[in-house]
Structure formats: C-alpha cells, structure tokens
Amino acid sequence: MQSSSSSGGQIIIPSQSPAAIPIVAPSEVSSKDSSKPIAKPVPKASTSAKRPCRNVIIHGFCKFAGKGCEFNHDGDKASPQTSPENKHKPQALSPKSKASPLISSVSADSVNAPVFVPKSTLVSAPTTLSENETASESEEDVEYQSLESPAETTSVHPHGYSQFNVPNNVMGDMSLMQPTAAMDPYYYMNSAYPRQPLQYHMYAPLLPHISNLHPHQKTLQSFFIPENLREQLFKRNEATIVSTPAREVGLPLEVHVYHSLCLLEDKPGSFFGHSSWVYKATSRVDGKSYALLRIEGFRLVNELAMKAVESWRQIKHCSVVSIREAFTTRAFGDSSLIFVYDYHPCAMTLFDAHFSPQAHTAMMAQRQAIGSNTMLVPETTLWSYITQITSALKVIHTAGLALRTLEPSKILMTGKNRLRLNCSSIFDVLQYDGGQNLARYQQEDLLSFGKLVVALACNSLQSYHNLPSSFEYISRFYSPELKNVVLYLLSKPLPTKNIDEVVTLIAPGLLHEVNCSQYYTDTLESELSRELENGRLVRLMSKLGFVNERPEFDDDPRWAETGDRYLIKLFRDYVFHQVNNNGVPVVDMAHVLTCLNKLDAGVDEKIMLVSRDEQSCLVVSYKEVKNCISSAFNDLSSTRK
Ligand SMILES: Nc1ncnc2c1ncn2[C@@H]1O[C@H](COP(=O)(O)OP(=O)(O)OP(=O)(O)O)[C@@H](O)[C@H]1O
C-alpha cells in the first residue's frame, strides 16, 4: 500500500509495526538471546537508588545489599525521617527496631500524637456510635443494655476494628484503605455494586395446547420447583439481602451489635404516643437478619420493665414473632428503645392484606372475576386465622403473659394465610405495672380477638361499632360455629372466660386446619425431593465441568484429552453436542436429564460414543463413564492443598 494525499482528504497508511502492544517474552528467555539488545531500565534504577530498601525498613537488613539490590541501604543517612522528600510522609520504621521484634514500629513522636479525627467525621456524622456512647455516659438516665450480652456492647470498638501494629511506611501506603470514622465499614457489603435482578421466570409456564401429554411424557416444568413457589422463595432471599447505604439515608452505622440498617416502612407507626420505626438489620454476632423495632424518644425510668422481655423470650411458637432482646440506645441521636425480633422477609401486616385500599381494590377485582356481590373472606381462611391466633394466645396466656397488641397492624402475614403475632412485650415495657393487671389484659386479648374476627368477616374495621348488623351479616354468610366463636369472644369478661374455652369452641375448624397444613407439608416435601434430584445433577455437571477442557493438569497439557478423560469428553459431546441429519444442534433438555440421571445411577445400559472426526467409536456403559468421571475428579481433588 502507498500513502497518498489529496486536497480532498488524507489517507493515512498504517505503519508497518502493528498497533497492538506486542506480547513480550519473559526476561530470562530474552536474555538468552544475546544477539538482541536488552533494554535497560535506566530510569527505574536511578530513582530506586534513592529509595530506601524495603527489606531494611521491614526486616532491618537486606541480604542482597551489595549483591545487586539497587535500593538505598544507607539507613542513617537516607533516613526517611530526615529526608526532605519524606518530610510529610508517615515515618518509616527505624532499623534499630531490629534489636527487638516486640518493640512497636510506631515512633516515639507518633505515640504521643493526639488522636486524629477527620473533620468530615465531626461535621457529617453527628450520630456515629462513638459519639453517642460518649454522650450516653454523661447522662443520668438509666441506660439498659442488652439482656443477652451486656459486656459486648462496651467492649468492642464502635466500628468493630481491631488494632494492630503496621510499620509506618506501610501505613502510609495503605492510608487510603484505612477505615476511618467517616467510612462505612459495610459499604461494600451494602451498596457498592449494582445488583442484578433475579430471574423469577427462567422457565415460561405451561401453555394450554401442549398440556395433553401422554402418561410417559413430561414437561420441562415438571422437573423443577413450581413457578409461584420459586418466585416467593427468591423474593424472600432478595428481601433478606437487600440493603441501603446507612450513612446516606441518615441511619447509624451500628446499633449495639446490629449493622446494615434498612428501614422497612417509610412512615412511622405509633405506640402510646411514641413514634415507632421498623428496620431490618444484620447481627454482627451471628450474621443473621433481624427486625429492629425502635420506639423513638423513650426514656426508660424503671429498669425492671425490661424483665418482661426475658419472659417473652421463653415463648417459642410458630405463630408468634420471637423476640430476641431489647435495649436502649442513643445511636439515633435520641433516647430510643429497641426491640429485636426475628425477621420475616416480605411480611405484610394483616391490615395491609385485608383493610388497606390496595387490598380492597384486589378484592373488588376478585369479586368481579367470580361474579359475586359480596367481598367475603372465605370461611376456611377465617378458621385458619382463628386457629393460629388461638394456638398462640393459648401459649402466651398459659405462660402468664398477655399480648396486648392483637390488632390488624400488629399481626404479620408471612405466607399464604400464615399469621404471626408481632410486637410482643412492647406494652409490658412501655406501661410497666409488675404484672398486676394480667387477668384484665388477658380478657382484653380475647375481646380484641373477637373484634378482629368481626372486622375480617365483615371486611371493615368499623364493623365492631355496629354489632347488630355485623352479626346479621355473619349469620348470613358464615356458619353458626363461626358466629358462636365470635359471640363468645365478645361476651362480657368473666373469670370463667378464657382461652381454653375458645380452643374447645373452635374444634371443628381445628381439624380442617390440621388437615390443610398436613397436605401443604406433603406438597412441600415432594417439591423438596424434586429439588434434591436437581441438586444431584448439578453436582454431576460440576464434575464434568472440572474435567472437560482443562488446559493442563499435573504438568500434562493433554491430560483432559487422553485416557479416561477422552471418554468423558466424548460423553459430553453425546449429551450436549448432538446434531440432527441436517447438522442442526439437538437442544433437547429431556435427553440431557435422562442421560445425566442414568449416569448418576451408573446403569449398565450401553451407549455409542463417536469421535469428532467420526473415524472411531466406543461402546461403553453409563457405569463405565461414571467410573471414569469419579476417577478423574478424584485425581483433581486429591491434589488439593
Ligand atoms: N419481624 C418482622 N419481620 C419482617 N418485617 C416486619 C417485622 N415487623 C414489622 N415488619 C414490617 O414493618 C412494617 C411496619 O411494622 P409496624 O409494626 O410498625 O406496622 P405498621 O403498619 O407501621 O403499624 P402502625 O402504623 O399501626 O404502627 C410492617 O408492614 C411489616 O412489613
């Protein structure tokens, strides 16, 4: 090609040397070729001669001094402390420290230096825990720390850093990486990377025109977990790991042992005139997620009140949200009371599910779809709710406690018709009375229970205020047994009125509920067993992946292509790379699953494996292939260090 230019434009011929950066052979190879001049790293040598040798800095001496090491070994003269270029750099370790490895690498000047607090911390983070803790020490109020681990709160550094000595020059290099009070130690955990949405619908649902299959035929979906269950589980996992950068949304980095706080609802709730907030947080102790319910601006005056929490901690029931601990904190910049509960991802309140505008819209749509005039909650659903709440109240009352928060916004729905009583022990702490009014509170629980059932049955929170018409409605649409339960719950408080009587009354619904939950357990178990099968296949495919196409093993670049591994390669082709007569790839999942299942079972059935050039073929059984894979995988795993 020639270069040419004209007035209209210029064509530039690329130079003969390629634009790409050549891959240079390692230096030892090039040095062998004495005919080629070796480029000397002149600039590097000149600068490195001034730089103190790191061996001297770290170990106190350099065994290559005078034997080719080009860095500066003159510790005294080129001391980084006196060197003008290092005047403003962190101080390097003196070679004298070699005398005792135990002597701190920090110079005497540094030891006496005042603590450095970045200005940004003071300005932008007024609510860091360290400051709050300092503030709390000066307060006269009772600061009740965790019931579970009181020592832990005070013994740890506010940001959980451990201290260790690092030579100052190394610290200088790492200074940007050092956690400072202004830095969120959970930043990378919480928000650094954009999260990819999970694939809820990896397999499209079954279409109606292909559902008429023969008994021996199976659809792809039948191999995997049902879509709705998969989506539900994915969403829960997603909700558990979702997080917000705490500092950016104005939340403290840590509260007691909990970090990565994430607000669950953007509007506050209310308890006795105190605003309440609910956060999801991760425990530094066990790494699990918890729901932190914070009562804002609450000053605990009687430490005994926290004893109620201890009693509630003993309540273990599948329909009660378990409480873990309670403590006070100033981490939010006020005096807050925190109750820590088990976290149930994607939970919604019973209020949201039945009484919110969205719930009403959904119910209206459903009503239109089935052509009904009423907005009924099915009786089976009501029995299910009644059974779960009765069962929970039975345990609570028997333990000498009262719930006191039996209302729609304090009951969580954690699955279809699955209820859990929430916010236990809060009123016992907020209105501490030493348990004097227990009987009254238990009667109130039963009354609240009755009101709740009326509200659910009539689909209105106001229905309790017009009981005659509410009962008429219930008599019209629900069974007499259900009405009897409601009548009993709303009857006048009496010493003989108790939760045991309710258990007797709900017996008919109880049996149905037990049956339903047994059926559901069976369904879930069968889904689990199916996933178990899929898990086996993934393990098998992983083994194949470890072996196939491995570039080198045991210094042998041909390892993956020879011996038993050749057979594995051909088997992989047989399973995944078949083509039809026209050379079109056969993408048949059923074939893949069948082959892998037979392989896993190690059956004696024989298959014919054909080489890629079609010049040779091997007849082998699945059993033999399985043995080959096992032995190749064992070879690989036996060399693990
Ligand atoms: N233990 C928990 N696990 C998971 N989510 C929870 C938990 N406790 C509460 N939540 C969530 O936090 C939200 C707020 O809970 P809260 O108890 O404050 O109810 P609320 O609807 O705000 O009631 P109110 O406004 O009457 O106080 C709920 O909607 C629920 O989704």
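Share of region 496-538's accessible area from carbon and sulfur, percent, 1.4 Å?
So the carbon and sulfur contribution to the accessible surface is 64 percent.
I need the Kirkwood Rh of region 469-532: take the reciprocal of the average 1/r across all distinct C-alpha pairs and report it in angstrom.
It is 14.4 Å.
Computed over the Cα atoms, what is the radius of gyration of region 560-641 divided by 2.2 N^0.38 Å, N being its residue count?
Dividing the Cα Rg of region 560-641 by 2.2 N^0.38 Å gives 1.16.
Measuring from the lowest to the highest alpha carbon on each principal axis, how far does region 496-632 reach, largest first, in angstroms?
For region 496-632, the Cα extents along the three principal axes come out at 89, 40, 26 Å.
Packing-wise, with mean Cβ within 10 Å as the measure, how do 256-264, 586-594 rank, highest first?
256-264, 586-594
Stretched out fully, how many nm does the piece from HIS360 to GLU525 gain, at 0.36 nm a residue minus the Cα gap?
56.0 nm is the gain from fully extending HIS360 to GLU525.
What is the Cα coordinate range of region 288-376 on the first, second and third principal axes, sorted by size from largest, in whole angstrom?
57, 31, 26
Could you calculate the contour length gain from GLU231 to SER611, that is, 0.36 nm times the residue separation minus the distance between their Cα atoms, to one decimal place in nm?
132.6 nm
Given region 214-353 reduced to its alpha-carbon atoms as identical point scatterers, what log10 I(q)/I(0) does the Debye formula return at q = 0.10, 0.18 Å⁻¹?
-0.43, -1.14
Say the cut-off is 21 Å between C-alpha atoms; which of LYS416/LYS483; LYS288/LYS316; LYS235/LYS288; LYS569/LYS598 go over it?
LYS416/LYS483
Can you give me the accessible area per residue for region 446-575, using a 1.4 Å probe, in Å²?
57
Based solely on C-alpha atoms, express the radius of gyration and the Dmax of region 519-600 in angstrom.
Here Rg and the maximum Cα pair distance are 16.8, 57 Å.
With r defined as the distance between the Cβ atoms of HIS591 and ASN627 and R0 fixed at 25 Å, what FRET efficiency is calculated, to the nearest 0.05?
According to the calculation, E is roughly 0.70.
Compute the distance in nm between two label points, each set 7 Å from the Cα along the Cα-to-Cβ direction, one at LYS483 and one at GLU379.
Going from the LYS483 label point to the GLU379 one covers 1.1 nm.
Applying a 10 Å radius around every beta-carbon, put 276-282, 521-527 in order of their mean neighbour count, most first.
Going from most to least packed, we get 276-282, 521-527.
Given q = 0.30, 0.32, 0.33 Å⁻¹, what are the Debye log10 I(q)/I(0) values for region 280-320, with equal point scatterers placed on the Cα positions and solvent ignored?
These q points yield log10 I(q)/I(0) values of -1.01, -1.00, -1.00.
So what does log10 I(q)/I(0) come out to for region 370-470 at q = 0.24 Å⁻¹, using the Debye formula with one equal point on every Cα and no solvent?
At q = 0.24 Å⁻¹ the computed log10 ratios are -1.37.
Report, as a whole number in µm² per second, the diffusion coefficient that Stokes-Einstein gives for region 558-604 at 10 °C and 1.306 mPa s using the Kirkwood radius over alpha carbon pairs.
Answer, rounded: 134 µm²/s.
Mind checking the full-extension length gain between ILE370 and LEU467? Use 0.36 nm per residue of separation minus the Cα-Cα distance, one decimal, nm.
32.1 nm
Lys and Arg at +1, Asp and Glu at -1: add these up for the other residues within a Cβ distance under 15 Å of TYR520 and post the number.
-2
What whole-number value in Å² describes the accessible area per residue of region 238-338 for a 1.4 Å probe?
On a per-residue basis, region 238-338 sits at 40 Å².
What does the charge add up to near ARG530, with Lys and Arg as +1, Asp and Glu as -1, over the other residues with Cβ less than 15 Å from its Cβ?
My count for the surroundings of ARG530 gives -4.
How high is the FRET efficiency from CYS69 to ASP600, r the C-beta distance, R0 56 Å, rounded to 0.05?
The computed FRET efficiency comes out at 0.45.
The values are calculated or read from the model by the stated rules, or taken from the named source; none is laboratory data. These figures come from a predicted structure and were not determined experimentally. Heads up, the Cβs are rebuilt from the backbone with ideal geometry, glycines too, and the neighbour counts pull from every protein chain shown. Only protein heavy atoms, including side chains, enter the accessible area calculation; ligands, DNA and RNA are left aside. Shrake-Rupley method; radii C 1.70, N 1.55, O 1.52, S 1.80 Å.
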